[in-house]
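Reading through the structure tokens given below for one structure.
The values are calculated or read from the model by the stated rules, or taken from the named source; none is laboratory data. In this text the structure is predicted, and so the values were computed from the model without any measurement. Here Cβ is always computed from backbone atoms with ideal geometry, including for glycine, and neighbour counts include all displayed protein chains. Protein only, heavy atoms only, side chains kept; ligands, DNA and RNA dropped before computing areas. Shrake-Rupley method; radii C 1.70, N 1.55, O 1.52, S 1.80 Å.
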Amino acid sequence: MKELIEDLKKELQKERKAEVEEMEKEMRSISGKEREKRGRAVLSLQSKIIGGEFGYKLVKLTRKKEILSEISIGDSVTISAGKSVSEGIVTETGSKHFIVATENPLSGEVRLDLSANDTTFYRMYENLENLSEEGARVLKFFLGERSPSFGEEEDLSVDLNREQREAVAESLRAEDFFLIHGPFGTGKTKTAAEVIRQEVRKGNRVLATSESNVATDNLAEELYGEVNIVRIGHPARISRSLKDVMLHSLMESDGSYSSVKKLRDMGEEAKEEQQKYEKPTLPKRKIMEMHFSKKKGKLSPHKVSSMAEWISLNEKADGYYEGARAMEEEISRRIINEAQVVVSTNSSSFTIEGEFDVVVMDEAPQATLPSSLIPLSKAPRFILAGDHKQLPPTLKSSTEILQRTLFKVLIKRFPESSLLLKEQYRMNEKLMRFPSNEFYDGKLKASSLVKDITLCDLGVQDSVVFEIFDTSIYSDRFEKRKKDSFSIYNEREAEMVVQTLKNLLSKGLKKENIGIITPYDDQAELITRKCGMEAYTVDGYQGQEREVMILSLVRSNKKGEIGFLNDMRRLNVSLTRAKRKLVVIGDRETLSCNATYRRLFTSASS
């Protein structure tokens with residue numbers, strides 16, 4: 001175990017270094033304009049404070065020219081104006097503006113950059129350094145040094161399908177852990193939420209987490225209004241639909257919070273008063289000695305007295321702020337301890353104190369082992385939900401140990417402690433058939449509610465459910481790469497996406513019912529620019545769905561190289577976002593070097 005912990009710490013350091021180096025290399029090697037083209041910076045923004053919320057200033061950054069950027073809500077960003085720099089979190093994005101929550105707003109013309117976030121790495125590393133007894137137990141299961149056990153079965157009456165009900169029942173009798181394997185559209189989050197409800201009914205206290213804020217919000221929304229929950233996290237990263245249960249909101253509505261505001265106001269008044277006096281040019285000790293003695297040195301008595309008053313007011317302000325912080329911590333601790341369910345990301349759970357009976361983690365296969373260990377170190381039992389057949393954790397370094405997620409290792413080591421949800425409620429049966437056969441041994445079945453759905457149900461005259469456009473017939477089909485870019489784009493496929501979109505819209509389909517995805521950043525940027533509708537990477541779209549999905553596979557070359565398209569988990573996600581129609585655009589000749597893609601092209605014509 002000690003060896004594993006040391007290996008994990010080393011790999012975390014490598015991952016952090018890789019992320020920082022990639023960002024620094026990009027900022028050194030390319031101009032601000034080029035970084036803006038890649039979507040990771042926005043130049044020439046005008047900054048204006050528009051309000052405040054939960055102790056942060058809200059700054060609106062605008063410009064007349066349209067903004068095309070991959071910077072999105074919840075991202076950590078750097079705002080800079082010359083040598084002045086401020087850190088913040090994006091709370092809102094628009095075609096010509098951002099709103100950022102920051103403690104230190106800058107005014108005038110500024111630049112916005114996507115930045116690396118140290119906090120998550122620090123928390124994972126610190127948790128490994130001081131691993132709890134519960135965390136050590138998790139690692140014993142991971143290493144196969146301990147086997148899970150189960151208690152007696154309980155009667156359970158819930159409105160779920162057979163597999164979902166069985167997954168809840170098994171989770172409740174698990175004395176150590178249980179794994180809910182939920183492929184696309186099978187109600188994995190709904191099932192995890194029911195586990196939480198049943199645990200609360202038994203009088204247990206639950207910590208509910210996920211790797212991303214979006215997945216965490218989805219879990220919280222399933223529970224909202226049914227159990228006493230508190231959603232932990234930065235307000236800018238939490239869905240506004242959960243405002244009533246956010247920790248910050250609950251604190252502000254607490255009867256004791258008026259005292260916090262009063263102390264803060266007194267601190268602000270002291271700071272304002274401080275501006276009337278001379279800021280010290282000498283150490284505090286020296287100024288105070290001169291103030292209380294008759295020897296003023298080279299400074300005039302008036303200046304010394306002014307500096308002394310500045311110091312006195314600074315100490316007063318600090319005292320008020322410190323008192324406010326202490327009261328906030330007390331209110332926060334009380335609200336969290338009174339909650340039946342505390343909901344947070346894996347990383348944010350690092351800050352939570354108190355005892356829990358069980359941890360329920362959604363989207364567990366997307367979390368590295370160090371990330372999973374943060375919440376799992378806080379309770380003696382845990383339930384993991386997710387699908388290891390879809391996307392793994394997003395990593396910058398090529399490290400095998402961090403790719404070995406807890407969910408993936410445990411489901412292979414202890415298959416008897418897992419259950420597959422088989423009935424999917426998302427897509428037409430014809431769309432389900434290929435991914436079910438290819439990735440789940442044909443075990444999935446389409447619910448009668450969705451098995452025959454098509455666009456015709458929406459008043460759109462299009463009954464074709466699955467189409468593939470083979471680009472190998474075109475002479476201009478080949479992929480391209482920008483200078484100094486790690487990504488790839490394909491102009492022929494981008495044009496075909498535009499034409500497909502126009503065709504769908506002409507039939508009366510609305511834009512909000514259509515999703516466009518591609519494996520590569522540069523292709524997503526190109527398509528967005530060409531069609532005026534945002535295209536996303538596959539990795540950024542997991543967990544989402546649309547009535548129609550358009551997929552551009554990009555890879556087209558004479559060598560038959562397909563790069564990370566060889567990772568079938570990425571293909572699985574790509575093919576399982578659509579509900580009524582899927583359009584795939586790709587080069588059959590290039591992609592057929594892989595047997596799965598070869599079968600995909602064949603399945604469309606069968």
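Values computed for the structure shown
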read-out: Relative contact order (%) - criterion: Cα under 8 Å, at least six apart; region: the chain; value: 13 percent
read-out: Bins of 10 Å, starting at 0 and running to the largest distance - Cα pair percent for the stretch 320-392; value: 18, 43, 25, 12, 3, 0
read-out: Distance from the stretch 51-83 to the stretch 505-539 (C-alpha centre basis), Å; value: 24 Å
read-out: Those GluC sites (Glu not before Pro) in the stretch 55-101 that DSSP places in a loop and that have at most 15 other beta carbons within 10 Å; value: 66
read-out: Where the stretch 106-264 is the region considered: accessible area per residue in Å², 1.4 Å probe; value: 43 Å²
read-out: Sequence of 486, 98 when ordered by accessible area, the most exposed leading, probe 1.4 angstrom; value: 486, 98
read-out: Stokes-Einstein translational diffusion, the stretch 155-313 - Kirkwood Rh over all Cα pairs, 1.002 mPa s, 20 °C, in µm²/s; value: 103 µm²/s
read-out: Those lysines that a straight Cα-Cα span of less than 28 Å connects to residue 443, excepting residues fewer than 8 apart in one chain; value: 188, 190, 389, 408, 412, 422, 430, 451, 579, 581
read-out: Distance between the stretch 255-316 and the stretch 162-214 - C-alpha centres, whole angstrom; value: 56 Å
read-out: Span from the the stretch 561-606 Cα centroid across to the the stretch 95-136 one, whole angstrom; value: 36 Å
read-out: 0 to 90° range, to nearest 10: angle between helix 595-605 axis and the chain longest Cα axis; value: 60 degrees
read-out: Solvent-accessible area of residue 159 with every protein chain in place, 1.4 Å probe, in Å² to the nearest 10; value: 150 Å²
read-out: All aspartates and glutamates inside 13 Å of residue 83 as judged from Cα atoms, apart from same-chain residues fewer than 8 positions distant; value: 109
read-out: Paired Rg and Dmax values of the stretch 370-432, which use every Cα atom, in angstrom; value: 14.8, 44
read-out: Hydrodynamic radius (Kirkwood) for the stretch 68-178, which is based on Cα pairs only, to one decimal in Å; value: 19.0 Å
read-out: Local net charge near residue 436, Cβ-Cβ under 14 Å (Lys/Arg +1, Asp/Glu -1); value: +4
read-out: Value at 222 nm in deg cm²/dmol, rounded to 500, when DSSP H runs of n ≥ 4 in the chain each add -39,500 (n - 2.57); value: -12500 deg cm²/dmol
read-out: GluC sites (Glu not before Pro) restricted to DSSP loop in the stretch 155-225 with at most 16 other C-beta within 10 Å; value: 175
read-out: Bridge type composition, the chain - antiparallel percent by DSSP, nearest 5; value: 45 percent
read-out: Projected area averaged over orientations for the chain, convex hull of C-alpha atoms, nm²; value: 32.5 nm²
read-out: Cut-off 9 Å between beta-carbons: net charge of the residues surrounding residue 151, Lys and Arg +1, Asp and Glu -1; value: -3
read-out: Between 0 and 90°, nearest 10: helix 429-439 axis offset from the chain longest Cα axis; value: 80 degrees
read-out: For the stretch 501-606: span of alpha carbons on each principal axis (Å, largest first); value: 38, 32, 25
read-out: Trypsin sites (Lys or Arg not before Pro) restricted to the stretch 163-242 and DSSP loop, no more than 11 other C-beta within 10 Å; value: 202
read-out: Rounded tilt (10° steps) of 257-274 against the dominant C-alpha axis of the chain; value: 50 degrees
